1. How about the stretch 69-153: which strands (runs of 3 or more DSSP E) wholly inside it have at least 3 residues that are in contact with a Phe, Trp or Tyr (Cβ under 7 Å, 6 or more places away or on another chain) and either in contact (Cβ under 8 Å) with a residue 40 or more places away in the chain or more than 16 Å from the ligand (Cβ to nearest atom) (or both)?
2. Among the listed residues V120, V157, which satisfies the condition of being more than 27 Å from G429 (Cα to Cα) and modelled with pLDDT of 95 or more?
3. Only one of (1) surrounded by fewer than 17 Cβ atoms within 10 Å (Cβ to Cβ); (2) of a type in the set (A, V, I, L, M); (3) in contact with a His (Cβ under 7 Å, 6 or more places away or on another chain) fails for A365. Which number is that?
4. Can you spot a residue in the stretch 86-97 that is within 20 Å of I378 (Cα to Cα) and acidic (D, E)?
5. So in the stretch 70-83, with the set limited to residues that are out of contact with any Lys or Arg (no Cβ under 8 Å at 6 or more places or on another chain) and open to solvent by less than 10 Å² (accessible area, probe 1.4 Å), which one is nearest to L192 (Cα to Cα)?
6. Whether any residue in the stretch 49-69 is surrounded by fewer than 22 Cβ atoms within 10 Å (Cβ to Cβ), closer than 27 Å to M464 by Cα and not assigned by TED's automatic domain parsing to the domain that holds L128 is what I want to check.
7. Going through the stretch 74-96 one residue at a time, which ones are polar (S, T, N, Q) and over 20 Å from V400 (Cα atoms)?
Amino acid sequence: MAQHEERDLLMQTAHPSSSACNRLLQNVNLIDGSGSPAQLCDVFIQGDRIAKIAKDIDAKSCSADDCLDCQGLTLTPGFIDVHTHDDAQVLRDPSMLAKISQGVTTVITGNCGLSLVPWVTQHPISPLDLLHTTEFKYPSLQLYADAIQAAKPSVNVGALIGHTTLRAASMMDLNQPATHAEVSAMAALLSLAMQDGALGLSSGLFYQAAAAADANEMKALTRVVGQYGGVYVTHMRSEMDSIIDAMNEAADAAQAGRTPWILSHHKCAGPKNWGRTIETLALLDRLAKTQEVGLDAYPYSAGSTLLRTDLVDGVIQILITRSEPHPEMIGRYLADIAAQWGMSQQEACSKLMPGGACYFQMDEADVRRVLQHPLTMIGSDGLPHDERPHPRLWGAFARVLGHYSRDENLFSLPQAIHKMTGLSAKRFGIQNRGIVKEGAYADLVLLDPLKICDKASYDNPMQMCEGIARVMLNGNWSFEKGECTGLAVGQFLKRKSSH
Ligand SMILES: [Zn+2]
């Protein structure tokens, strides 16, 4: 290992876990996260690192405190949920059971333009309130990172900075493009956050609070991100009829900043657009020849976001997940509610707002095509504060492994694992995680490939998946026998070039 790499590793672990010891995992079927096929071997873990991978490691010669025979189980890197809205959740409920129970050991926060940092307010505007209403209290990323370290969550956390948050912190009128002075103020905040180790910038031009942003505003910010080697992640302006224009707009902004572009939760929404992923993925492949491109997806044909009348077309089914004025309607379909109230679906939607819903807006063939694309990473996009969340929060990773890989044979298990580990770490600049190799951090999952399956459904969404035997986080078993062990010490992960 190069000396500077060693130093980076040391700097990434601010608080090495004291309870970690030397552990030997014997007879594992190792899928290392690179996409390579499985191999039978032993893995020796020293403290929070993987020290040795070989056949027949002798327990005595390596002075293991703990030997575990893992015959029949598959060992993989801990999964990286690249698309989360867990910014406040990791602090409010550090057990993070919905994630750790699926084998997720790292979450990336701040997606869709929405991050807690850097904005201090008691009255977050929509859609920032989707993250939570009382947690906007971090003027800098460093203070948020300190809070994460103190909370000891069951997952590591990497953070994107949200464009909508920067707007809320810097602008007078969000319905306008930013003025020159406001762009400068946003760029200064972003620059500080990048110095504190942010992974990059996210935007959500789909949402009202950011929709007025023009190309100048976006390019000024991607240039800041590019200077620090970060990524630009987008929930695009449109995932419906204008999706091609929206893709070109996002790719153009990324290219101006010389930053990799990551397309969030890729879908072609609305029956009129079903089948169009043939077109969008072809465009993505063309763009990937001249710039660095990535995308993420969740394995369901329903999306979930705020209740919005412009998403009510009278054709697709809409399941209410949250309604402030009418909580009694949570779990019911909008068409039934509209019929009961004797009004149109649009009128019923207005009456239920503010709230959230699952929109059955995708075609299954598109979902499969996107999941299969070699650049696609897995991200849950789960909304942890919905009373009755989309099942992706508790089931996304297990559903990719069980339903789509094993049962439907959409891709091999090593490929499925790669989409949630090695590919994700590389794309987001997370060093020495997402891969099982000597010297890497011991974030690991032991799973039963025959049993792994998602249990969360639209009717019963908060169900733990089956088939995850154990999860290790930074060298400690953090989840076993269906429960958190309480030994987790999740780290705040800084972008590798920020050291
Ligand atoms: Zn989004």
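The values are calculated or read from the model by the stated rules, or taken from the named source; none is laboratory data. The structure presented is a predicted model; accordingly, all values stated were derived computationally and were not measured. Ideal geometry is used to build each Cβ from the backbone, glycine not excepted, and the neighbour counts take in all protein chains shown. Ligands, DNA and RNA are stripped out before the accessible areas are found, and what is left, the full protein with its side chains, is counted by its heavy atoms. Shrake-Rupley method; radii C 1.70, N 1.55, O 1.52, S 1.80 Å.
1. Working: elements: 74-77, 79-81, 104-109.
Because the criterion is at least 3 residues that are in contact with a Phe, Trp or Tyr (Cβ under 7 Å, 6 or more places away or on another chain) and either in contact (Cβ under 8 Å) with a residue 40 or more places away in the chain or more than 16 Å from the ligand (Cβ to nearest atom) (or both), the strands (runs of 3 or more DSSP E) in the stretch 69-153 that meet it are 104-109.
2. So the residue among V120, V157 that is more than 27 Å from G429 (Cα to Cα) and modelled with pLDDT of 95 or more is V120.
3. So the condition that A365 fails would be (3).
4. Within the stretch 86-97, one or more residues are within 20 Å of I378 (Cα to Cα) and acidic (D, E).
5. That would be H83.
6. yes
7. Answer for the stretch 74-96, where residues must be polar (S, T, N, Q) and over 20 Å from V400 (Cα atoms): Q89, S95.
Yes/no matrix, rows are residues, columns are (1) touching a Cys at 6+ places or on another chain (Cβ under 9 Å); (2) crowded, with 17+ Cβ neighbours inside 10 Å:
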| site | (1), (2) |
| --- | --- |
| D86 | no, yes |
| K99 | no, yes |
| G103 | yes, yes |
| T134 | no, no |
| Y144 | no, yes |
| A169 | no, yes |
